[in-house]
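Working notes for the structure below.
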């Protein structure tokens, strides 16, 4: 029964990855969207929509792939409304995002009302050959469920796409100087729509992680605020998928430690641990702002939150 | 003069006819009752149990309304809104509504306000709660018999007297049949955070617990226990459906019986301010949903204890028992008073874990 310190840390980190994964999907979605210049504060609502959709589909079809795809699709459709309002109609991104969260929370609660007491089979962990035999790392990262592996792939793909391809350069340019993009003939509309909707789909998959893996049931307000954590982590991650991964697992570890430290002799206040990721986020925001002001490295997309008016600005 | 008297009588009769509803008492079907919920009605726990009570009133013909997920900070507006619409009874079902309930009650002296789990009353404000700790004690007996590792985990929500009381009663139940068993507590510092509750259950099971009991609102911990082939105990509502192969039993609250009583009192005009704390004898709380693995023998022992509690031959907080550090809490032949039970702020012997300090 006695576990060594290293074993204990491994157990904490295994759970940190699980708790961090839905937040990672959400943060990745936010990174894509905000890189193109559009803030999405609707993530909490989108997560709930994704969670409910995936649960219902899994309940009736038994297929996780269908369930997660449906979550992405429906969350993407809901994000389309956000895109419509703040890209085409140029309304406030903040207000539209908040409305999306309220909409998502309300509609999922309403439609999910009759699902009390219903459960689906949880997604089982898969041991990856070779990789899982790496000491420590293997146990933490490669004995997880399929959605966790999908999140690794997503990080790699988004990273590559954003920083090593032409499309990625264009997306990032939309967040920096859309008027320049426009002047060289790129469609700001198309790129922003695509980025925001794909981002929303990622958030929906993050929501699906709750009923697929963490709880196996739907309950009103299932995500309990994780969407807001993702909003904060986009800043913490300096709009970068790799750092998003680090941030999400850090937050997951904070939850896991809050719980497991109570069972051993180390006494750190659970309130402190609950607050810790948010302090880091505020510090990250300060650093990002200072760096931006010094014009050395612009980490925050320069046109973030601004609607694009063709030929009217500058 | 006679004519005048007749007129007077007529006027009085007319006045009585209009206001007479309160003078002569009215039918329960004419009542309007409002409910303010802190969580969603689909939480499968606390708010769900209150909503079952509301539906019970609805079946009796009472007109009911509710608003769910009302933040405690915004409750005054919601409560006032119901009071303005002339609701006869307003049930506010979270501890945090305590001051907003009293404030609005002072503005609307005609309406009756019932505040759940609080301690402040007024002319038209009563408080109520169920002694679910008695049912918790009984679920503790089940856990005490069923554990093999002699480690039972409890997920604490918030470290307030209500929850400390429930954990203590559960532990006393466990140790009444299994003095070697220990009850480990993890606080999640939330009423409702399903994925965190599930992770807390995993932490407890990693630490050797083979049964997990909860004081939180969702069934996530039961599901986590089922996934690992362990057992769990539900809270507030019967949680069998969520994890049939893990569910030993649930300690539940049946608000319907109490809401019916209050509605009848208000309808008859006999309602008076009180601090109601009904026990298992009234049916407001009970142990339900025994799983198949709980043998008939254990069920019989639990039911026997329940009968003793109902007959007031046995009290959950009767001596002798010790505090967590081993110092005596209550001596042989004595028991805690209701006030002491209500405001208990220490763990009993057998609980492993501490009250979080900020």
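Just so it is clear, none of the values below were taken in a lab; they were calculated from the coordinates. Model, not experiment: these values are computed from the prediction. All Cβ positions, even for glycine, are placed from backbone atoms using ideal geometry, and neighbour counts span all protein chains on display.
In the Gaussian network model of chain B, springs joining C-alpha atoms below 10 Å, which of B:101, B:73, B:127 carries the largest mean-square fluctuation? Maximum fluctuation in the GNM of chain B, among the listed residues, is at B:73. The mean number of Cβ atoms from other chains found within 10 Å of a Cβ in peptide B:221-230 is 2, as a whole number.
Peptide A:263-270 has a mean shielding of 3, counted as Cβ atoms of other protein chains within 10 Å of each residue's Cβ. Above 20 Å, the calculated P(r) of the range B:282-358 contains 51 percent of its Cα-Cα pairs.
Over chain A, Cα pairs under 8 Å with separation of 6+ residues give a relative contact order of 36 percent. Helix A:64-83 and the longest principal axis of the C-alpha atoms of chain A enclose an angle of approximately 30°.
Any idea how far apart residue B:27 and residue B:189 come out in nm if each label point goes 7 Å out from Cα toward Cβ? The modelled label-to-label distance comes out at 5.4 nm. Taking chain A as a Gaussian network of alpha-carbon nodes connected by springs under 10 Å, the highest mean-square fluctuation of the residues A:154, A:108, A:133 belongs to A:133.
The base-10 log of I(q)/I(0) for the range B:192-313, evaluated at q = 0.10, 0.22 Å⁻¹, reads -0.41, -1.17 [Debye formula, identical scatterers on Cα atoms, solvent excluded]. The DSSP beta bridges internal to the range B:50-138 are antiparallel in roughly 10% of cases. Fully extending the segment from residue B:300 to residue B:86, taken as 0.36 nm per residue of separation minus the present Cα-Cα distance, adds 72.2 nm.
If you wrap the tightest convex hull around every Cα atom of the range B:176-219 and split its volume per residue, you get 83 Å³. Against the main long axis of the alpha-carbon atoms of chain A, helix A:93-111 sits at an angle near 40°. Computed from the alpha carbon positions, the gyration tensor of the range B:226-290 leads to an equivalent ellipsoid with semi-axes of 34, 10, 8 Å, biggest first.
Each principal axis of the Cα cloud of the range A:78-123 was taken in turn, and the coordinate range along them, longest first, works out to 42, 23, 13 Å.
The range A:92-231 has equivalent-ellipsoid semi-axes of 32, 26, 10 Å, by the square roots of 5 times the alpha carbon gyration tensor eigenvalues, sorted largest first. A crude spin-label estimate for the pair residue A:3 and residue B:180, with each label 7 Å from Cα along the Cβ direction, gives 2.4 nm.
Of all beta bridges that DSSP places with both ends in the protein assembly as shown, some 20 percent have antiparallel geometry. Footprinting exposure proxy ranking of B:79, A:65, fewest other C-beta atoms within 10 angstrom first, gives A:65, B:79.
If I fit a long axis through the Cα atoms of helix A:188-209 and take the longest principal axis of the Cα atoms of chain A, what angle between them do I get, 0 to 90°, rounded to 10? That helix lies at roughly 10 degrees to the long axis.
Label positions at residue A:156 and residue B:158, each projected 7 Å from the Cα along the C-beta direction, are separated by 4.6 nm.
Taking the helices alone, chain B has a mean residue ellipticity at 222 nm of -13000 deg cm²/dmol, built from -39,500 (n - 2.57) per DSSP H run of at least 4 residues and averaged over all its residues. Thinking of the range B:21-130 as a set of Cα atoms, what percent of all their pairs are more than 24 Å apart? The answer is 18 percent, as a whole percent. Take the Kirkwood radius over Cα pairs of chain B, plug it into Stokes-Einstein at 25 °C and 0.890 mPa s, and you get 114 µm²/s for translational diffusion.
Neighbouring Cβ atoms from other chains, within 10 Å of the Cβ of residues in A:105-118, number 3 on average. Residue exposure proxy: B:342, B:191, ordered by other Cβ atoms within 10 angstrom of their Cβ from fewest to most, comes out as B:342, B:191.
Beta bridges assigned by DSSP with both partners in chain B are antiparallel in approximately 20 percent of cases.
Considering only Cα atoms, the convex hull volume of chain A works out to 150 Å³ per residue. In the protein assembly as shown, the alpha-carbon atoms span a convex hull of 200 Å³ per residue.
Build a GNM of chain A with springs between Cα atoms under 10 Å apart, and of A:238, A:141, A:276 the one that fluctuates most is A:276. Take the Cα of residue B:342, go 7 Å toward its beta carbon, and the backbone nitrogen atoms of the range B:105-142 under 16 Å from that spot belong to B:114-123, B:125-133. Largest first, the three principal axis extents of the alpha carbons in the range A:220-269 are 38, 30, 14 Å in whole numbers.
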